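Accompanying notes for the structure given below.
The values are calculated or read from the model by the stated rules, or taken from the named source; none is laboratory data. Everything numeric here is computed off the predicted structure, so don't read it as measured data. Methodologically, a virtual Cβ is constructed for each residue, glycine included, from the backbone with ideal geometry; neighbour enumeration extends over all protein chains shown.
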Amino acid sequence: MPTHIEHLSRSKTALLAELAQDVSSQRVLDAIARIPRERFVPEELRVHAYENRPLPIGYRQTISQPLIVALMTQALELMGDEKVLEVGSGSGYQAALLSRLAGQVLSVERVDQLARRAQQTLGEIGVTNVRVRVAGDTLGWPEEAPYHAIIVTAGAPRVPQELLEQLAAGGRMVVPVGSRDLQELVRVVASPKGPVMTNLGPCRFVPLMGAGAWSEETPY
């Protein structure tokens, strides 16, 4: 019988081979190889950490499917020195990947418990260039703008104007846009003539809540 560590290692190797069929960026694949996804899921689910599917992390939130994470990250076209905003810290896994690909990552999360847990886990695995805070009344982290890249890890009814205003000239944003239940992944480039949008395919995320997105439903 393989040990738990051997199982995770084999599962990660298999996942990386699967992702490589659709993900062309070696930098993104290398980041996924370096980040221990099992540290960002509940302990009882760690055996499933390298399956290509989302997993629950509590508070009606999930850690996204690795393929979607990889494709969204690849679409940002990070070179290594960018300032990146993440809207929706969740477990902190996406921020951990970004930390290996950009210079500075700022991440906001609506659920206080998740924000604190994400920052703790990032610290435990040695990530030092990510700051996590509880989201305010405005989408994003406007006082730290502009950003070279913005990634939104929840579904919005439209591309949020509040986030477009925080994007630097030439910057890239990736955001799921659509209904509460099904979205299209949209890549936005801030050009001199206005935002240029490209659909990257269907996806499914939890709703982006708050001003500039969906209205509140039931509190946690």
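Condition check ((1) in contact with a strand residue (DSSP E or B) (Cβ under 7 Å, 6 or more places away or on another chain); (2) in contact (Cβ under 8 Å) with a residue 40 or more places away in the chain; (3) of a type outside the set (Ser, Thr, Tyr)) across all residues:
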{"site": "ALA156", "(1), (2), (3)": "yes, yes, yes"}
{"site": "GLN161", "(1), (2), (3)": "no, yes, yes"}
{"site": "PRO176", "(1), (2), (3)": "yes, no, yes"}
{"site": "LEU182", "(1), (2), (3)": "yes, no, yes"}
{"site": "PRO202", "(1), (2), (3)": "yes, no, yes"}
{"site": "GLY210", "(1), (2), (3)": "no, yes, yes"}
{"site": "TRP214", "(1), (2), (3)": "yes, yes, yes"}
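Here ALA95 fulfils each of the conditions (1) touching a Cys at 6+ places or on another chain (Cβ under 7 Å); (2) buried (at least 24 other Cβ atoms within 10 Å of the Cβ) apart from (1). Residues that are of a type in the set (A, V, I, L, M) and touching a strand residue (DSSP E or B) at 6+ places or on another chain (Cβ under 9 Å) within segment 50-78 comprise LEU55, ILE57, ILE63, ILE68, VAL69, LEU71, MET72, ALA75, LEU76, LEU78, listed in sequence order. The single condition among (1) over 24 Å from ARG187 (Cβ atoms); (2) within 14 Å of the chain's Cα centre (by Cα) that GLY58 does not satisfy is (2). Looking only at residues of segment 95-115 that are assigned to a loop (DSSP other than H, G, I, E, B) and free of Cβ contacts under 8 Å to residues at least 60 places away in the same chain, we find that the one that is farthest from ILE57 (Cα to Cα) is GLY103. Within segment 112-139, track down each residue that is modelled with pLDDT under 95 and surrounded by 15 or more Cβ atoms within 10 Å (Cβ to Cβ). Listed by number, the residues that qualify are ALA135, THR138, LEU139.
In segment 175-201, the residue that is surrounded by the fewest Cβ atoms within 10 Å (Cβ to Cβ) out of those that are over 18 Å from GLY212 (Cα atoms), touching a helix residue (DSSP H, G or I) at 6+ places or on another chain (Cβ under 9 Å) and among the aliphatic types (A, V, I, L, M) is LEU200.
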